[in-house]
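Read through the structure below, which is laid out as structure tokens, and then see the notes.
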Amino acid sequence: MSKNTVYVTQAGYDELVEKLKRLKKEQTENIIALQEARAQGDLSENADYDAARNNQARIASEIKETEQALKVAVVISGEEGNNLGKFVDVNFLDEGVVETYHIVGTIEADPLAQKISDESPLGKAIIHSKVGDRVLVKTEDGEQFEVKIERISEKDPTAVPEKKRTTKKK
């Protein structure tokens, strides 16, 4: 893995592609708003023009950032030989609490949604773990705690399975 490579799930990659499409559409719409504001005359005191210009700069920055993310993104294949992209049940031994985490790349990390980065202290500690392993996690502020890996799954164990449609025979 090169230093610039960032791992993403297929869903994360698809979200980036959709975000780029949305931003490019928004950029086109904002260009029209800029043209309309410019047509109003004096640009030195034109609040609509200033707002559209600021919005254009924000959109351009987000497009550049998203394009860069897509350039360095590598979709997790499941063949990385680790827990990347998997759901891991972690038992925090000090507290006796079990939490399920989805191990993702830095772009997709969202701790509030139980998605942790492979580069976070917990992610680094459990990325190569197997079920039953006890792992010492070292936080960035020097604290340490022990966790035990209870389960590793390819699929989200909290997801509700779709019900199959059945048809009655008459």
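Please go through region 67-100 and pick out each residue that is β-branched (Val, Ile, Thr) and over 20 Å from Pro111 (Cβ atoms). So that I can check it myself, show each step before the final result.
The initial filter retains those residues of region 67-100 that are β-branched (Val, Ile, Thr), namely 72, 74-76, 88, 90, 97-98, 100.
Within region 67-100, Val72, Val74, Val75 meet the criteria.
Kindly indicate which of Ala39, Ala73, Ala113, Ala69 is closer than 30 Å to Val137 by Cα, of a type in the set (Gly, Ala, Ser) and without any contact (Cβ under 8 Å) to a residue 12 or more places away in the chain.
Working: Ala39 fails: closer than 30 Å to Val137 by Cα; Ala73 fails: without any contact (Cβ under 8 Å) to a residue 12 or more places away in the chain; Ala69 fails: without any contact (Cβ under 8 Å) to a residue 12 or more places away in the chain.
Among Ala39, Ala73, Ala113, Ala69, only Ala113 is closer than 30 Å to Val137 by Cα, of a type in the set (Gly, Ala, Ser) and without any contact (Cβ under 8 Å) to a residue 12 or more places away in the chain.
Hey, among the residues in region 113-143 that are charged (D, E, K, R) and in a strand (DSSP E or B), which one's nearest to Pro157 (Cα to Cα)? Don't jump to the end; show me each part of the working.
Pass one, region 113-143, residues charged (D, E, K, R): 115, 118-119, 124, 130, 133-134, 138, 140-141, 143.
Subset that is in a strand (DSSP E or B): 115, 134, 138.
Numbers: Lys115: 14, Arg134: 21, Lys138: 27 Å.
Only one residue fits best here, namely Lys115.
Mind listing whichever residues of region 44-66 are open to solvent by 70 Å² or more (accessible area, probe 1.4 Å) and within 16 Å of Ile107 (Cβ to Cβ)? Let's see the steps before the verdict.
Going residue by residue through region 44-66, those that are open to solvent by 70 Å² or more (accessible area, probe 1.4 Å) are 44-45, 47-48, 53-54, 58, 64-65.
Scanning region 44-66 gives Lys64, Glu65.
I'm checking my understanding of the structure. Among residues of region 82-104 that are hydrophobic (A, V, I, L, M, F, W, C) and closer than 14 Å to Pro157 by Cβ, which one is surrounded by the fewest Cβ atoms within 10 Å (Cβ to Cβ)?
The initial filter retains those residues of region 82-104 that are hydrophobic (A, V, I, L, M, F, W, C), namely 84, 87-88, 90, 92-93, 97-98, 103-104.
Within this subset, residues satisfying the condition of being closer than 14 Å to Pro157 by Cβ are 87-88, 90, 98, 103.
On the way: Phe87: 20, Val88: 23, Val90: 22, Val98: 13, Ile103: 26.
It comes out as Val98.
The values are calculated or read from the model by the stated rules, or taken from the named source; none is laboratory data. The shown structure was predicted, so the numbers you read here are calculated from the model rather than taken from an experiment. Neighbour counts run over all protein chains shown; Cβ positions are idealised from the backbone, glycine included. For accessibility, only protein heavy atoms count, side chains too; no ligands or nucleic acids. Shrake-Rupley method; radii C 1.70, N 1.55, O 1.52, S 1.80 Å.
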